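Trainee: One structure follows; several queries about it will come next.
The values are calculated or read from the model by the stated rules, or taken from the named source; none is laboratory data. None of these values were measured; they are calculated from a predicted model. All Cβ positions, glycine included, derive from the backbone under ideal geometry; neighbour counts span all protein chains shown.
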Amino acid sequence: MKLSFVKNYSQRIITYLIISGLVTLLVEGFIIFSLRGMENYFRRTGYRSAMFGPDGMRPEYRMMILIMFGIITFILCFYIWMRDTISYLNLIIRKVKDISEGDFDHPIEVRGNDEFASMAQNLNQMQKNIKDIMERERLAEHTKNDLVSSVAHDIRTPLTSILGYLGWVREKKDMDDATRDKYIEIVYDKAKRLEQLTNELFGFVKLEHNELKLQITRLDLIQLMEQMLDEMTPSFVKYGIEVEFHHPGNSVWIEADGELMARLFGNLLNNAIKYGKEGKQILIKMEPGTDWVVTKVVNYGHVIPKEELDSIFLKFYRTEQSRSRNTGGTGLGLAIVWQIAQLHNGTIRVKSDLQGTVFEVDLPLYQSGKKGRNLR
Ligand SMILES: Nc1ncnc2c1ncn2[C@@H]1O[C@H](COP(=O)(O)OP(=O)(O)OP(=O)(O)O)[C@@H](O)[C@H]1O
Ligand SMILES: [Mg+2]
C-alpha cells in the first residue's frame with residue numbers, strides 16, 4: 001500500500017505513523033466497548049475469576065490487554081503500509097549488490113516517483129555510464145592493439161623494401177647508373193614515409209599531452225587552403241581527381257596556429273584523396289557567417305558505415321573497409337584533426353552517404369574588437 005500523492009519519504013512515514021495511530025485508537029475503542037459488554041455479561045451471571053472481580057475486569061488486566069492489542073495493531077498496520085516500500089528497498093539493495101558484482105545489463109525497475117524511484121533512476125544512469133566507460137575502454141584497448149599491429153606493419157613494410165633495395169645496390173656492383181638511381185629514389189621515398197609516420201606519432205602524443213605551444217597569428221583561411229591545394233596538385237593529377245574550391249572571394253580571417261591548421265586541412269585532404277580516389281572529385285566549400293566559418297571537404301567513393309561514424313575520430317581507429325582493403329595509415333589522422341579543432345575552439349562533424357562523405361570544420365572567425373581569445 002502506498003500513498004502516491006505524498007512524494008517525500010519522511011512525510012510519508014509521518015503520515016503512515018498517524019494513520020497507524022488512528023487505526024490503533026479505533027481498535028482500542030472497539031476493545032474497550034467489547035470489554036464493557038463482556039463485564040456486564042459476567043456481572044449478570046455472577047462469574048468471578050482472577051481477571052474479573054465484582055466491579056468488572058481488574059485494572060491491571062484491562063491495561064495489559066489494551067497495551068498488547070495497541071502494540072500489535074500499530075505494528076501490523078504500519079507494516080502493511082510500509083510493505084511495498086520495504087520490498088522495493090530490498091530490490092534496490094539486491095540490484096546494488098548485482099552491480100557491485102559486475103552486472104550492468106539489468107536496470108532497476110522504477111516504481112512511482114518518490115526518492116526511491118529517483119534513487120533507482122540514478123542507479124540506472126550510473127549503471128549505463130559505467131557500461132559506456134567500460135565499452136570505451138574496451139574500444140581504446142582494441143584500437144591500441146590495432147595500433148601496435150598497424151604501426152609494426154607500417155614500419156616493417158617500407159623497412160623491408162629499404163633493406164631489399166639497399167642490399168641489391170650493395171651487392172650488384174655491375175648495376176647500371178639508371179637502375180641504381182631508381183632504387184635510391186625508391187629507398188628515399190620509403191624512408192620519407194617512415195619519417196612521416198614517426199612525426200605523426202610524436203605530433204599526436206604532443207597534442208594529446210598538451211605539450212604544444214600554439215603560435216597564434218591572424219591568418220587568411222582561403223589563402224591557406226589555396227596553398228595546400230597547390231602543394232597537393234601532383235596527387236590530384238596522379239589520381240585524375242578534379243578539385244573545386246568554392247569560397248566567398250575576399251579573405252576569411254581566423255586566429256590560429258598556421259602549422260596546425262595546415263595539418264588539420266592536410267589530413268582531411270589526404271583522406272579525401274586516399275578514400276575518394278574512385279569518386280574522382282573533391283569539393284571544398286568555405287562559408288563564413290557572422291562569428292564562424294564552416295569549411296566542408298567533400299569526396300565521393302567510400303561511404304563510412306553509419307555505425308562507424310562516431311568512432312572514426314578516435315585515435316588509431318580505422319574503418320573495417322580500410323583495414324580489409326589495406327589502404328595504409330595508422331588511424332591517427334582524424335584524431336589529430338579533432339584535437340587541432342578543439343585547440344582552436346572549433347568543432348568537426350562528419351556525414352557520409354551515397355551523396356558523398358562530408359567533413360565539416362567550424363572555426364571561430366577573427367573578431368577585430370576581441371583580442372587574445374581563450375585558446376589553449
Ligand atoms: N574522406 C573520407 N572518406 C571516406 N572514409 C574516410 C574519409 N576520411 C576518413 N575515413 C575513414 O576514417 C578512418 C580514420 O581516418 P584517419 O584519417 O583517422 O586514419 P587513416 O587515414 O586510416 O590513417 P592516417 O590518417 O593516420 O594515415 C579511415 O580508416 C577511413 O576508413
Ligand atoms: Mg587519414
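Trainee: Quick one: which residue in VAL243, VAL205, VAL298 is over 24 Å from LEU365 (Cβ atoms), assigned to a strand (DSSP E or B), of a type outside the set (Ser, Thr, Tyr) and within 14 Å of ligand 1 (Cβ to nearest atom)?
Mentor: Values: VAL205 fails: assigned to a strand (DSSP E or B); VAL298 fails: over 24 Å from LEU365 (Cβ atoms).
It is VAL243.
Results for (1) exposed (fewer than 15 other Cβ atoms within 10 Å of the Cβ); (2) farther than 21 Å from PHE265 by Cα; (3) charged (D, E, K, R), shown as yes or no for each residue.
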| position | (1), (2), (3) |
| --- | --- |
| TYR188 | yes, yes, no |
| ASN199 | yes, no, no |
| PHE202 | yes, no, no |
| VAL205 | yes, no, no |
| ASN210 | yes, no, no |
| GLN223 | yes, no, no |
| LYS238 | yes, no, yes |
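Trainee: THR347 fails exactly one of the following numbered conditions: (1) more than 16 Å from ligand 2 (Cβ to nearest atom); (2) closer than 18 Å to ARG218 by Cβ; (3) among the β-branched types (Val, Ile, Thr); (4) under 25 Å from the mean Cα position of the chain (by Cα). What is the number of that condition?
Mentor: Going through the list (1) more than 16 Å from ligand 2 (Cβ to nearest atom); (2) closer than 18 Å to ARG218 by Cβ; (3) among the β-branched types (Val, Ile, Thr); (4) under 25 Å from the mean Cα position of the chain (by Cα), THR347 breaks only (2).
Trainee: Has the stretch 258-265 got any residue that is small (Gly, Ala, Ser) and within 16 Å of ligand 2 (Cβ to nearest atom)?
Mentor: First pass over the stretch 258-265, keeping only residues small (Gly, Ala, Ser): 258, 262.
Going one step further and asking which of them are within 16 Å of ligand 2 (Cβ to nearest atom), we end up with 262.
Yes, the conditions are met somewhere in the stretch 258-265.
Trainee: OK, next. Just to be sure, is ALA262 in contact (Cβ under 8 Å) with a residue 60 or more places away in the chain and within 20 Å of LEU363 (Cα to Cα)?
Mentor: no
Trainee: Sticking with this one: Given the criterion hydroxyl-bearing (Ser, Thr, Tyr), surrounded by 11 or more Cβ atoms within 10 Å (Cβ to Cβ) and over 30 Å from LYS315 (Cα atoms), identify the matching residue among THR45, THR73.
Mentor: After applying the criteria, what remains is THR73.
Trainee: Moving on. Kindly indicate the residue of the stretch 306-335 that is part of a helix (DSSP H, G or I), modelled with pLDDT of 75 or more and more than 9 Å from ligand 2 (Cβ to nearest atom) and also farthest from LEU354 (Cα to Cα) among those meeting that condition.
Mentor: ALA335
Trainee: Let me ask another. On the given criteria, is LEU260 in the same structural domain as GLN339 (by TED's automatic domain parsing), touching a Phe, Trp or Tyr at 6+ places or on another chain (Cβ under 8 Å), assigned to a helix (DSSP H, G or I) and away from ligand 1 (no atom under 15 Å from the Cβ)?
Mentor: Answer is no for this residue.
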